[in-house]
Amino acid sequence: MDGKTYPSTMKAIIIEHFGGPDSLVIKDVPTPEPEDGYVVIQIKAFGVNHAEMHMRRGEWAESMPIIGIECVGLVVACPGGEFAPGMSVAALMGGLGRTINGSYAQFTRAPVSNVVALGDAVAALSWAQLAAIPESYATAWTCLFRNLELRAGQTLLIRGATSAFGKAAVNLAVQAGAQVSATTRKQERFDDLKGLGVKEALLEGPNLSARLDGRKFDAVLELVGNSTLLDSLMLVRRGGRLCLAGFLGGLAPIADFNPLLQMASGVHFSFFGSFVFGTPEFPLSDVPLHSIVKMVAEKKFGAEPARVFKFEKISDAHQVMEANEANGKMVVCVD
Ligand SMILES: NC(=O)c1ccc[n+]([C@@H]2O[C@H](COP(=O)([O-])OP(=O)(O)OC[C@H]3O[C@@H](n4cnc5c(N)ncnc54)[C@H](OP(=O)(O)O)[C@@H]3O)[C@@H](O)[C@H]2O)c1
């Protein structure tokens, strides 16, 4: 299959109207044409993300009829020659699903800046395994090793650790030699987190800092979000770092935030949003996705998807996400 011969129509999952999981329907639509600066990819599998649930509900600032912010697959056309046809690649962000049609389809057209060659290690992994990696691991890696500047031996708290993003962060941090504490709202998931190598599992809740009685961490990765952010500020030592990157507790802003009264002195607070991947300040080449795929292929840690769905079962995947039942990354296989 090359740029001249791939089909002119494809199946895509379309948001028919903003609403519940059943508002996702499969339709035949035109396949994206090759364009300078872009790569047309035959999608083999894609990860399902919390962001897409917000897009489906109409809660996201921007979304397209075809949502989906990431995928893995094969290059079928790349007019600029940056990627050869047949190459195994991942694509993430770069407006996918937000400002240009995304990855809930048989084909997508992603900006060259947001496509990464997956390398030889792909041979050891299935498309479903590969699809669990790009968005969750690229974002987790950047939060941990850029925003939080995490080093071996440091103490790290991850709030919302049973999410796909959280588990990716746990795996990367444990692999890097950090001492990880991780939260979930469900005690029955403690053993699962411990199985990933965390030092301790903690019950998530708004008063965690009070329950930990003055304990402080070198770094906190906040995925529950605005609803627990101020509590997390109390959990970081002087000179330590807090990175806000998730909003599992809801998108509502923090009311009446007064830094004078509510900021912890000497604590570094930052935000990371993966929508910046592929911009000049945040090139994807900064993220060692190649090495991450290699570590997964070498079984340094498990990045297995928690659930794998067929393309036709996308509404079921969103239903599982709504119910918080996945306990890790969900992926959809396109073939
Ligand atoms: N900044 C970025 O660039 C970036 C990139 C990717 C994702 N994200 C964000 O990161 C978060 C995780 O995304 P994901 O796709 O990995 O999520 P996910 O896998 O769907 O996470 C689901 C888990 O989150 C926990 N959770 C759900 N509601 C919660 C609540 N009200 N309070 C506390 N925990 C709750 C539940 O775990 P328990 O039941 O075990 O507690 C649930 O199993 C989302 O907010 C997403 O938008 C941000």
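List of remarks:
- Residue that is at pLDDT 95 or above and on the phi > 0 side of the Ramachandran plot, where the choices are Gly240, Gly278, Gly273, Gly250: Gly278
- Scanning the range 102-121 turns up one or more residues that are acidic (Asp, Glu) and farther than 19 Å from Val48 by Cβ.
- Candidates are the residues of the range 289-326 that are touching a residue at least 24 places away in the same chain (Cβ under 8 Å) and of a type in the set (Lys, Arg); the one that is farthest from Lys167 (Cα to Cα) is Lys294.
Listed here are the residues, each with its yes/no results for (1) modelled with pLDDT of 95 or more; (2) under 20 Å from Val48 (Cβ atoms); (3) of a type in the set (Ser, Thr, Tyr).
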site	(1), (2), (3)
Gln129	yes, yes, no
Ile133	yes, yes, no
Tyr137	yes, yes, yes
Arg151	yes, no, no
Arg159	yes, no, no
Ser163	yes, yes, yes
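- Test: Ile26 is assigned to a loop (DSSP other than H, G, I, E, B), of a type in the set (A, V, I, L, M, F, W, C) and closer than 28 Å to Ala326 by Cβ: no
- For the range 126-155, a residue qualifies if it is under 20 Å from Leu230 (Cα atoms) and within 16 Å of the ligand (Cβ to nearest atom), and the qualifying residues are Cys143, Leu144, Asn147, Leu148.
- Helices (runs of 4 or more DSSP H) within the range 175-236 that include 2 or more residues within 15 Å of the ligand (Cβ to nearest atom), in the same structural domain as Arg151 (by TED's automatic domain parsing) and surrounded by 22 or more Cβ atoms within 10 Å (Cβ to Cβ): 226-233
- Any hit, the range 301-310, residues being in contact with a helix residue (DSSP H, G or I) (Cβ under 7 Å, 6 or more places away or on another chain), crowded, with 20+ Cβ neighbours inside 10 Å and within 30 Å of Gly240 (Cβ to Cβ): yes
- Of the strands (runs of 3 or more DSSP E) contained entirely in the range 243-333, those carrying at least 3 residues that are within 18 Å of Cys143 (Cβ to Cβ) fall at 268-271.
- Selection of first residues in the range 160-177 that are farther than 18 Å from Gly249 by Cα and of second residues that are of a type in the set (Phe, Trp, Tyr), restricted to Cβ pairs under 6 Å at least 6 apart or on distinct chains, gives the following pairs, ordered by first then second residue: Ala168/Tyr137; Asn171/Phe301; Leu172/Trp141; Gln175/Phe301.
- A count restricted to the range 253-312 and to residues that are within 15 Å of the ligand (Cβ to nearest atom) and among the basic types (Lys, Arg) stands at 1.
The values are calculated or read from the model by the stated rules, or taken from the named source; none is laboratory data. Nothing here was measured: the structure is a model prediction, and the numbers come from that model. Note: ideal-geometry Cβ built from the backbone for every residue, glycine included; neighbour counts use all protein chains shown.
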